[in-house]
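The values are calculated or read from the model by the stated rules, or taken from the named source; none is laboratory data. These numbers come from a predicted model, not from an experiment. All Cβ positions, glycine included, derive from the backbone under ideal geometry; neighbour counts span all protein chains shown. Heavy atoms of the whole protein, side chains included, go into the accessibility calculation; ligands, DNA and RNA do not. Shrake-Rupley method; radii C 1.70, N 1.55, O 1.52, S 1.80 Å.
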Amino acid sequence: MKYYFFLLFFLFNLSLYSQENSIFWKIEKDSITSYLLGTDHLFGKSFIDRNEKIIMALKSSQLVFTENIKSADSIVNSRNSSNIIENLTSDEKNKLLEIFDKKVNINNLSLKELILTTDKYWSIFSCFSNKERKDKILMDDYIKKLSSTYKIKLVGLEDISETLNFLEREYLNGYTDEKLISILKYKLDGFSKNLAHNNCSIHELYRNKLYNFNFNDVGDTKLLDSRNFIWIPKIISELENKKKVFIAVGIAHLDYKNGLIEQLKQKGYTITQIIL
């Protein structure tokens, strides 16, 4: 009986790893090896530290690409106040003040930025363990720090202002301010009441270093596609210069027909998953 259960366990894991569902990939062409890491923006430093293959790959690289480099704080704080939070109750305002870094003036944030950040902290509170929540530096920021530690050139695929503009233009596109306020209120209420966040299963999959890719599907990914098409020429330029490159971007950017993996394959690169 023990052998039977062991065999089932072995076959289950074999079926997982026989699919292309890793978060970490090798890029090869002309005997040059580079790496592509799909990140979950909410996991922290400890996730990277537990996976030596990621650190060793980064250390062997000549250049590190991340989505952007600088913080958005200075941009936000330089804006005029929008006073959007005046549409909220005192309890909702207090929850926002609890969530946001004191260095950021929340009165200067757009509705979409308030929604995204509230959702981020609700996800962390709902889906992550106490140990994971103690990480003081997030995964993407830690990769930037490691590149500095190992004296590897760091390049942002876009400026932080471009990131903010993309999100403002494409996220919840077409929604009225009234609808956006109702979404913000819903997320603040769910966070305040400790309700389960619906993204926990996605984070659990990532915790196990897996992701369900849909390489044969175009998907409804306009926000991802527009950024991917801008990033790919920058990435290809460095790869064609025979540079060993380490790319770390949100894992959704690797997915679908217009994702980075399929685009790199179309350019003649061999992409192989690395099991962590």
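A few remarks follow.
- Estimated from the Cβ-Cβ distance and a Förster radius of 22 angstrom, the FRET efficiency linking residue 199 and residue 172 is about 0.85.
- Whole-percent carbon and sulfur share, accessible surface of the chain, 1.4 Å: 53
- The chain, relative contact order [Cα under 8 Å, separation at least 6], %: 37
- Estimated translational D of the stretch 140-198 in µm²/s (Stokes, Kirkwood radius over Cα pairs; 25 °C; 0.890 mPa s): 164
- Taking 22 Å as the limit for the C-alpha separation, the pairs 59/242; 103/222; 134/179; 45/234; 53/144; 120/234 exceed it in the case of 103/222; 134/179; 45/234; 120/234.
- Cross-link reach list, aspartates and glutamates versus residue 185, counting only Cα pairs under 14 Å and skipping chain neighbours closer than eight places: 86, 91, 92, 113, 119, 177
- The long axis of helix 139-149 is offset from the longest Cα principal axis of the chain by roughly 60 degrees.
- For residue 265, the accessible area of its heavy atoms, probed at 1.4 Å with every protein chain present, is near 70 square angstrom.
- Per residue, the convex hull spanned by the Cα atoms of the stretch 230-276 measures out at 93 cubic angstrom.
- Extension gain for residue 186 to residue 159 (0.36 nm times residue separation, less C-alpha to C-alpha distance): 6.6 nm.
- Assuming charge only on the beta carbon of Lys and Arg (+1) and of Asp and Glu (-1), the dipole of the chain about its Cα centre is about 1000 debye to the nearest 20.
- For the chain: accessible area per residue (Å², 1.4 Å): 54
- Rounded to the nearest 500, the helix-only mean residue ellipticity at 222 nm of the chain stands at -15000 deg cm²/dmol, with each DSSP H run of n ≥ 4 adding -39,500 (n - 2.57).
- Label point at residue 129 placed 7 Å out along Cα→Cβ; residues across the stretch 193-216 whose backbone nitrogen lies under 18 Å: 200-210
- The stretch 76-189 - percent relative contact order, Cα under 8 Å, separation 6 or more: 38
- Alpha-carbon Rg with Dmax, taken over the chain, Å: 20.2, 69
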